2 protein chains.
Amino acid sequence: MPLAPAILDRLRSAVGQGHIRTDPDVCRAYGVDALKRGHPADAVATPASTREVQAIARVCHETRTPLVPRGGGTGYTGGAVPVHGGVVISMERMNRILEIDEGNLLAIVEPNVITGDLQDAVERLGLFYPPDPASLRQSVIGGNVAECAGGPRAFKYGVTKQYVLGLEAVLPNGSVIHTGGKVVKNVVGYDLTHLLVGSEGTLAIITKVILRLIPKPPVQAALRATFSSVAAAVNAVTEVIRARVIPAALEIIDEDSLDAVSHFLGGGALAPAGTGALLLIEVDGLAEQVSEEADRVARACRVAGATEVLRAGSETERQELWRVRRELSPSLRVISSLKFNHDVVVPKARVPELFDLVDEIRRRFSLRIPCFGHVGDGNIHVNIMVSPEDTAAIARAHEAERVLFEGVVRLEGSISGEHGIGFAKAAFLGLELSAETIAIMRAVKAAFDPHGILNPGKVF
Amino acid sequence: MPLAPAILDRLRSAVGQGHIRTDPDVCRAYGVDALKRGHPADAVATPASTREVQAIARVCHETRTPLVPRGGGTGYTGGAVPVHGGVVISMERMNRILEIDEGNLLAIVEPNVITGDLQDAVERLGLFYPPDPASLRQSVIGGNVAECAGGPRAFKYGVTKQYVLGLEAVLPNGSVIHTGGKVVKNVVGYDLTHLLVGSEGTLAIITKVILRLIPKPPVQAALRATFSSVAAAVNAVTEVIRARVIPAALEIIDEDSLDAVSHFLGGGALAPAGTGALLLIEVDGLAEQVSEEADRVARACRVAGATEVLRAGSETERQELWRVRRELSPSLRVISSLKFNHDVVVPKARVPELFDLVDEIRRRFSLRIPCFGHVGDGNIHVNIMVSPEDTAAIARAHEAERVLFEGVVRLEGSISGEHGIGFAKAAFLGLELSAETIAIMRAVKAAFDPHGILNPGKVF
């Protein structure tokens, strides 16, 4: 349904003629994200300043027009999709690194700075912004904040949440708030910063982000260990922690995933015969510490029954060890273009039970489900692969999803560790949260957005 | 104003006759915390279970009776004081460690577990709960969570917030919610966990806490470095970070504070003549790393112009280095029994400007103001010392407070890094937060507590 001309006029006068677009191609393109199930926008706004964001919000608030913030469009749960139409507010022109403050170890950025670009900029100064979602060359800080992006380094360094010191954000009614600030400790009033992080663009539009930085660890070492089973690999994780090492990355890749990569790379074996799971482990820090920690990791893996432990002796070898992880996504794309990509998380010690559950689902629904992920955090990417033409398989995949989520909740886990709920998982919220908990979340939503205009149809 | 007999009857039937007390001595004792400016409760309730907390909340909600949660009563801003009377709900009977889960590195506790007791219990298993408020032998986890307690180790390990994985909490209307859980990553719905942390008992009553643990660092090393000025000491902090070391503690003690301790201990010199500031630095981790990091710290301090660098060679020497820090509180108590104890925080690089500001305040208001604190976080305890009989000095101290807070905000800091707002600092909230930001916080408060019964008169 096109927006009323009066609304469009007001929007145009807020941000300028050329920054409100309504041509169908544009509205369709901005209506889709990495979930690939979209809905066209009625208009796309590209403001250049907080003031312009405020003006757009005011128009939408007063006219009860849906308003959907969009960053890099790399989300897997449709968080940026305007499911009720309305205005997509793309932050693409607000993409400057405003300040890198070496003395205070912080950066101030506009929301549409590409995460990888920020990392490059701070690393040139010997600093480090650890969160490393797989999409880091496409996704932007604003979206990372809205979704609380994770990544392999989260095990040692934490997720996006742990790096957001403060925010400037525009409320649905157009007023601007400042939360947190340039200090690492702040207990003045409620922690709105962390309420907004992960709120999936449903509470406020982020217009500025103050990020904590840390010194860049000078040295990395990578190891690869193979195991006959997932259970043995998880035991190795426990042994590593018992050895007092917190690796910078601790990734697991299961047999199905290894098969996919092997097939993609031409069929050669990637690991010893009988490998049921592979761990990629990276430690970082000062040279002496890294060397000692790598020794401890190798020992811990052997104690847990590793069939082989490789240790990169050079940067080339390190990149080679990581190759199998990097080739996972393209490899899975070759198996099938339709992937139900879930990011469930369970308490670490229950990861073997999660893999047992996936095995059961594979058999029961005759589905191919390669799994890999951040085992140190118990956060596993479960990829249900189906052919887009096979409607029967798609139906089975949907059934399998529900069984997976129910099982994860039974294992005291969470249905999403990284991707959020968006609209793709909204139907499952009640599996994990009680009616009372959802009710108070809805009350918080109503406090921020009484007319329900901001990113409607999401989360709940 | 005594509570109506009907209300008392309902409370008694909720938790049992003996667990609702109204005798004046008890009501006075539970009306005071470490701020030492109290107001008596009308009744003191001591529930033993979440169900009993719910029953009490329901009675207070329906009868619009103020309800004030209380943990260890060690807060410095009056957070546990029933300023409008009503029922103080002391969590003292809910004091069990329910579970220490070594496999998943977490603990589940009731709110009134003493923080130091939990630390002892997990350390016996080789695990570590880092947050270390000075009150850790008296304060309790529930209070630490409500206030987001910090401590010296926050620089490396973060504050309480970074260790809370999940909460069970009772809303003012008596319903119970569960936030977060046993997993370290969770992006399902809003992050109510971190909204409740630091909310000073104004949003919900915490009845259970799931805490993240980490492996205990096996080795510590302590260093002490003296400098001719605060600015030189802060330079040393920058040099330490540049040397890629994140110390477990990084404490500064100024000249006034050193004088107080020296006087308390009998007058001997505690540091070389001309010392303007002293740094206590502790590094921890694996033995090899600790030794290397201690070398780097010593070098960094010398580069920054340290007049002396001492390094503890044994545990006894380490305790000796920390002695001056430990004796600070008793030493200040000797100077004066009335202490306006503030916990301001500024961006680290602006700490010298903060000390300049304090110097100016000292001169302008003729006040003695020893300062010490967590310089790595820019979080400095500013102690305005006055005699309780000297009403003129007390008036000057109040003026000085406002000048301090205004200056801190000008330095892009925050008026509280650890103690919170309570009622003692409520008048200053508007110095730091805009009207729009306070308005949305109030809307959040109303979403949780529509009748304003929970800990009224606080924060706002």
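Odds and ends about this structure:
- Working note: Cα gyration tensor of the range B:1-64, eigenvalues times five, square-rooted, sorted largest first, giving semi-axes of 21, 13, 11 Å.
- Inter-copy label distances at residue B:259 (7 Å, Cα→Cβ; nm, one decimal): 7.8
- The range A:20-139: radius of gyration over Cα atoms, expressed as a fraction of 2.2 N^0.38 Å: 1.18
- Stretching the chain fully between residue B:427 and residue B:51 yields a gain of 131.8 nm (0.36 nm per residue, less the alpha carbon separation).
- On Cα atoms only, tilt of B:50-63 relative to the major axis of chain B in degrees: 70 degrees
- Mean projected area (nm²) of the alpha-carbon convex hull when the protein assembly as shown is viewed from all directions: 38.1 nm²
- One Cα centroid belongs to the range A:1-56, the other to the range A:147-176; the line between them spans 25 Å.
- Only one residue of B:274, B:313, B:298 has its Cα farthest out toward the positive end of the dipole of the range B:250-342, where Lys and Arg carry +1 and Asp and Glu -1 on Cβ, and that residue is B:274.
- Lys, Arg +1 and Asp, Glu -1 on Cβ, resulting dipole of the range B:211-353 about Cα centre, debye, nearest 20: 280 debye
- Those chymotrypsin sites (Phe, Trp or Tyr not before Pro) in the range B:97-173 that DSSP places in a loop and that have at most 13 other beta carbons within 10 Å: none
- Note on exposure: B:358, A:309, A:303 ranked by accessible area (1.4 Å probe, complete protein assembly) read A:303, A:309, B:358, with the most exposed listed first.
- The fraction of Cα-Cα pairs per 20 angstrom bin, counted from 0 for chain B, comes to 24, 55, 21, 1 percent, rounded to whole percents.
- Along the axis of the charge dipole computed for the range B:147-214 (Cβ charges of +1 for Lys and Arg, -1 for Asp and Glu, origin at the Cα centre), the listed residues B:188, B:176, B:162 are led at the positive end by B:162.
- Using the Cβ-Cβ distance between residue B:26 and residue A:410 with R0 set to 51 Å, the FRET efficiency from 1/(1 + (r/R0)^6) comes to roughly 0.65.
- Proportion of all alpha-carbon pairs of the range A:39-106 beyond 16 Å (%): 54 percent
- Under 12 Å, Cβ to Cβ, from residue A:224 - net charge with Lys/Arg +1 and Asp/Glu -1: -1
- Sequence-distant lysines (8 or more away, or on other chains) whose Cα lies within less than 24 Å of residue B:425: A:182, A:185, B:36, B:161, B:339, B:348, B:445, B:458
- Helical runs (DSSP H, four residues minimum) scored at -39500 (n - 2.57) apiece and divided by the length of chain A put the mean residue ellipticity at 222 nm at -11000 deg cm²/dmol.
- Placing unit charges on the Cβ atoms of the charged side chains and taking the dipole of chain B about its Cα centre, the candidate lying farthest along the positive direction among B:361, B:428, B:22 is B:22.
- Position residue A:291, label points 7 Å along Cα→Cβ, spacing to each other copy in nm (shortest first, one decimal): 1.2
- Taking Lys and Arg as +1 and Asp and Glu as -1, the other residues whose beta-carbon sits under 14 Å from that of residue A:62 total +1.
- With a 1.4 angstrom probe, the accessible area lost at the B-A interface totals about 6200 Å².
- Virtual paramagnetic centre 7 Å along Cα→Cβ of residue A:368, amide N under 17 Å, in the range A:248-262: A:254-262
- Think of each Lys and Arg Cβ as +1 and each Asp and Glu Cβ as -1; about the Cα centre, that makes the dipole of the range A:209-291 roughly 380 debye.
- Cα convex hull of the range A:177-295 - mean projected area over all directions, nm²: 11.9 nm²
- Taking the Cα centre of the protein assembly as shown as reference, the dipole from Cβ charges on Lys and Arg (+1) and Asp and Glu (-1) amounts to some 1120 debye.
- Carbon-plus-sulfur accessible fraction, the range B:1-142 (probe radius 1.4 Å, protein heavy atoms only): 50%.
- Shape descriptor for the range A:180-225: Rg over Rh equals 1.16 (Cα atoms; Rh from the Kirkwood inverse mean 1/r).
- Relative contact order (%) - criterion: Cα under 8 Å, at least six apart; region: chain B: 15 percent
- Placing a label point 7 Å from the Cα of residue B:442 along the Cα-to-Cβ direction, the residues of the range B:399-435 whose backbone N falls under 12 Å of that point are B:430, B:435.
- Per residue solvent-accessible surface (Å²) - the range B:389-439, probe of 1.4 Å: 39 Å²
The values are calculated or read from the model by the stated rules, or taken from the named source; none is laboratory data. All of these numbers come straight from a predicted model, not from anything done at the bench. Note: ideal-geometry Cβ built from the backbone for every residue, glycine included; neighbour counts use all protein chains shown. Heavy atoms of the whole protein, side chains included, go into the accessibility calculation; ligands, DNA and RNA do not. Shrake-Rupley method; radii C 1.70, N 1.55, O 1.52, S 1.80 Å.
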